[in-house]
Structure formats: C-alpha cells, structure tokens
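The values are calculated or read from the model by the stated rules, or taken from the named source; none is laboratory data. Predicted, not measured: the structure shown is a model, and the values here were computed from it. Using ideal geometry, Cβ is built from the backbone for each residue, glycine included, and neighbour counts are taken over all protein chains shown. Surface accessibility is based on the protein's heavy atoms, side chains included, excluding ligands, DNA and RNA. Shrake-Rupley method; radii C 1.70, N 1.55, O 1.52, S 1.80 Å.
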Amino acid sequence: MFNLILFGPPGTGKGTQAVKIAEKYGWVHVSTGDILRSEVSQGTPLGLKVKAVMEAGQLVSDELLIEIMESVFGKNMGAKGFVLDGFPRTLKQAEELDDMLKKFGEKISSVLSLKVDEEELVKRLLKRAQDQGRKDDTEEVIKNRLLQYHQHTKPLIDYYEKKKLFQEVIGVGGIEDIFNTLCSVINDKL
Ligand code: ADP
C-alpha cells in the first residue's frame, strides 16, 4: 500500500493534483475539506457543528478529524493506496495518523509538498473565490487560513523531515508539468 500525503498551504493546487494522482495510480483520494464541505451542504449534525468554524477559516477540532479519518480508513483498507489532501494539518493529527496506520500494519510512504510563494497563493485563492464562490475564499478569511497554516501545519515539515519522508516539488507552472514532476518522484518510491 502506498500512503501519500500531499502537503502545503491553501491554494497550492493540492486538490487538483491529488485527484490526478489517485486516478493514475488507482489510489483513494481523501480530501478532508471536501468531506467537511459535503457534511455542511447536506446539513448533517457534523456539518452544522463545523460550518461556522470553516467559514471563519479556522481549523476544525482534531477529535472530529480523527473520527472522520478512522471511518475513511475503516471503509477503504483494501485499497492499493491513499492520497491524503488536507490531512494531517496539526501535529496531533500527524501523530494520530501514524497510530491509526500502525493498527493496520501500514505507514506513511511519502510527504510531497507543493512549493508556491505566498503572493501567488493569495492571488489564486481570490480567483477561486470568483470562480467557485467558496465562502472561505474572501480576503479576510484567506489571511486567517494562511495564518492557521503557519501556526499549526507548517511545524509538520519538521516532523516529516525527521522521518526522512518530506520532499518539496515546484508548484508553479502548468498543471500537467507539475503532475509529471510529482509522478516521477512517486515512481522512484514505488
Ligand atoms: P484549503 O483549500 O484552504 O487547503 P480545504 O479544502 O483543505 O482547504 O479545507 C477547508 C477547511 O476545512 C479548512 O479551512 C478547515 O476549516 C477545514 N479542514 C479541512 N481539513 C482539516 C483538518 N485536517 N484539520 C482541521 N480542519 C480541517
């Protein structure tokens, strides 16, 4: 089983690349952002709980995320691999993820981070706001999401560097070019 984490701040194009990677390798794409947004749009009890937090660009609690991921793994453990997109986002989530995988005799295979400078990120997120109308893509909320990234998610670089799993890939350029670069890095690890 190949367990890939696509890492990086909001707006780096993780979601786009995660879909393509999952399709090419036959792996399960897990976007916690998509899972949460779907709960919100269906108005489930979980959705009602997280709506305001997401719209403010804050992080949903580790406990809820871990519950969600346990259920995702439980349902898909026969899979050939996973592409995790948007999880883990805190040190606690990363540690819990290691424990969860261990229970299934699995571990993280690689953490690939898409590198895009911050000015470009804000530009992309504002454009996505116009195109898709996501409620958390306003300038104020974008700033908050980037702040959350710097405070809570960026420390994970160190966590995965120590495990020799972390690698950066250029995230600027055409979607296909970035995809090809990601694939060649992945192919080396298969
Ligand atoms: P982005 O495109 O900004 O990276 P996502 O689509 O991955 O955003 O997630 C949208 C929102 O969902 C986040 O701002 C956060 O509120 C919530 N969320 C998603 N994944 C997590 C997570 N692993 N931990 C906490 N909150 C999360």
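Bridging of Lys24 to aspartates and glutamates at a Cα separation below 14 Å is possible for Glu176, once same-chain residues fewer than 8 apart are set aside. The residues of the chain expose on average 52 square angstrom of accessible surface per residue, using a 1.4 Å probe on protein heavy atoms. Using alpha carbons only, the radius of gyration of segment 14-64 set against its Kirkwood radius gives Rg/Rh = 1.07. For segment 129-190 versus segment 31-59, the inter-centroid distance based on Cα atoms is 20 Å.
Helices in the chain, meaning DSSP H runs of at least 4 residues, each add -39500 (n - 2.57). Divided by all residues, the mean residue ellipticity at 222 nm is -18000 deg cm²/dmol. Rounded, prolate or oblate: which one fits segment 99-174, using the alpha carbon gyration tensor with axes a ≥ b ≥ c (rounded when a/c is under 1.5, else prolate when a/b beats b/c, else oblate)? In terms of gyration-tensor shape, prolate.
For segment 98-121 and segment 1-23, what is the separation of their C-alpha centers, rounded to whole Å? Taking the Cα centre of each part, segment 98-121 and segment 1-23 sit 9 Å apart. State which entries of Lys49/Lys103; Lys20/Lys92; Lys164/Lys189 exceed 21 angstrom in Cα-Cα distance in the structure shown. Result: Lys49/Lys103; Lys20/Lys92 exceed 21 Å. Considering the chain, its Cα convex hull presents a mean projected area of 10.2 nm². Sorted on the mean count of surrounding Cβ atoms within 10 Å across their residues, most packed first, peptides 126-132, 18-24 read 18-24, 126-132.
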